[in-house]
Amino acid sequence: MSTKTLRKRISLVAVTALTAGVLSVVAAPAANANIYNSSNAVATPSFLNVATVSASGNLTGAAVISANATGVTGYKSHALLYKDASSTTAQTATVLAGGTLVLYTQSHATTATSVGFTATGGSFGTTVYDNSEATATGEWSTDRKTMAALAGTTVAVTWGAGTTVGTYTINSYLSTANAPSIEGVATATNGTLFGGITVTVVASAATGGPVVANSTCTTAAAATNSPSSLDNTSAYMNGASAYVNLALKDAYLATNTTEGNIVVSATNGALVNIGTGTVTAGTGSTVVAYGKGTSGDDNSIRISQGTAGAPVTTTVTISFNGATICTKTVTIRGVPSTMAITSVSSVAPSGNAATALWLADGSGRDAHMYIQLLDSAGNTVLPGTASTGANGAPEFSIASASVTNLITAVTVAADDQATSVSSSLLPWNYSAATYTCGNSQYGTQKVTVNHTSAASGKIISSTFDARCAGAPYTYTASFDKASYVQGEIATLTVKFLDSKGNAANSVTSPSSTGTTVLSVPMMTRISSLPGATTLTKADGTLALKYTVSLDTAGITAGGYNGIVDFPALTAVAATAQTVGYKLTTGNDTTSNADVLKSIVALIASINKQIQALQKLILKR
């Protein structure tokens, strides 16, 4: 079977062949393809470089360290399995036991007179300095774990890993010490640290193939060869697809070069497909491919709805040669199925005047109510376009049967439509709407709102109670109880009426001018004092909370009268309200009526005893 044939997609009916191992391939050990490429010198003096060539070239042949006119061209390390892409103080490398690293730095002569190297294991060997083949320009400690060299255009040194597996640290320093000497070696670490490598020495190379802990597997809104390290947190709208992007790495954090069977399966009827670049929508809930799951090679999985317009929550499992790489759960929302209308205010006649004080959600939208769209699974979905819902043509309208002299229109401005379904971005998962009251019209009416989906043309409806009323004109006030015990919470309700005696609207503040006067003896108000920005509820009421004084020395049981005065209204037609209530300390609950009742009962009992005594005397 040719390689080209193997790399073709395997149809679903051929999945059973995988169990026989027909396509199960394990690659030979390979060096990291992401090693730092130092085929030419790096001019920045603060870099400590590890000489490398191609991935396979670092596994074979001897280490190369020699000078020529261009500096370090041709240098290479030996038995180097992995080298990260950094060159400062937090480098990592993996070497086979017995291997050799070739280290070099360049152009330090202007900032220091010597370079020092230290290692916690292994040993330093050949040194090249200033583009010459000389090997006597450095000084080594007895154990060859420390060395110093004159700074010049290039300073390079070999480090032998030895045969003992383990983890070792190599550091490099810039120093102002004199020419290399035993004293220079002793003070090699007194300079400035500019390079550091943590080297892991292993007995053998790891088997090729992806390692889950080293790989990236994240959700996204589009296919990409360079997946983010984090999952996409945005919701997927009806008609859109979710993607899982792969960057499979081997044991050395290198891009996976091992080809194998990539199997993707999805639950709940979602459709999946795998590919690279532009991935077409799948036709089934399982797909199999032969690839590497790396950049440009079957590294993106597309997830789509199984049924157009229907919401789906699916768990997608991705495996490589039978081993699970990752599982991801995503939700794709459906078309609008139901509509919820909440937070409805009452409105002034002759228009649709509104204020942002009603919703007071920080969005600045001056509207009368919220409208939220939900799919058949109860997920919030958006108006507008199928994928974003951003400021498309308005899709909300009043049902023709609801248009009357009282209510003439329902409107959702384009800029007031919901644009987010994320709970962390409230309140923009709600659209904000207004309704219009007819000229000089007062009253209440049920109104039906339609939403027509731009994606499907489907119409859904919801009904709310619309009320047209005038501004606060007069008011009444009352407590929720006639009597309170010390420590209880009392609710004072003020009901505002318009000039026709109906409950007032909730878009005009009853305290637009003047200072509200609330005098309630022996109670402490815990609600904010009503002011020019205070609105009533939709039914024209305003509730204020009080607590009965907890100071036992400051309360006297008895009857009291509170005064509720809204000067802006009492100056025209309203009357300041007197509200009566009783207070007790809770220590003595006996009333005068109870005492009188007891006295009457006692007198009756005495009278009965006298009558019985008189009868007894007469018998004698």
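Since every read-out is calculated from the coordinates, none of them should be taken as a lab result. The structure displayed is predicted, hence computed values, not measured ones. Positions of Cβ are generated from backbone atoms using ideal geometry, with glycine treated the same way; all protein chains shown enter the neighbour counts.
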Rounded if a/c under 1.5, otherwise prolate or oblate - region 410-507, Cα gyration tensor axes: oblate
Relative contact order of region 290-366, pairs being alpha-carbon contacts under 8 Å that are 6 or more residues apart, as %: 18
Prolate/oblate/rounded label for region 272-375 (Cα gyration tensor, a/c 1.5): prolate
Contact order relative to length of region 333-478, as percent, for alpha carbon pairs under 8 angstrom and 6 or more apart: 29
20 Å Cα-Cα threshold exceeded, pairs from Lys446/Lys537; Lys481/Lys582; Lys76/Lys249: Lys76/Lys249
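Work out the length of the dipole vector of region 474-584 about its Cα centre, built from +1 on the beta-carbon of each Lys and Arg and -1 on the beta-carbon of each Asp and Glu, and round it to the nearest 20 debye.
Numbers: 7 positive and 6 negative charges, 20 e Å.
Its charge dipole is roughly 100 debye.
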For region 212-332, the spread of Cα positions along each principal axis, largest first, Å: 44, 25, 23
In Hz, Karplus ³J(HN,Hα) per residue of region 471-485 (6.51, -1.76, 1.60; θ = phi - 60°; x = Gly, Pro): 6, x, 10, 10, 7, 10, 9, 7, 8, 6, 9, 8, 9, 10, 9
Measure of compaction for region 338-468 (Cα Rg per 2.2 N^0.38 Å): 1.01
Test item: Cα-centred dipole of region 212-332, Lys/Arg +1 and Asp/Glu -1 on Cβ, debye: 140
Equivalent ellipsoid semi-axes, region 474-584, via Cα gyration tensor eigenvalues times 5, rooted, Å: 27, 13, 12
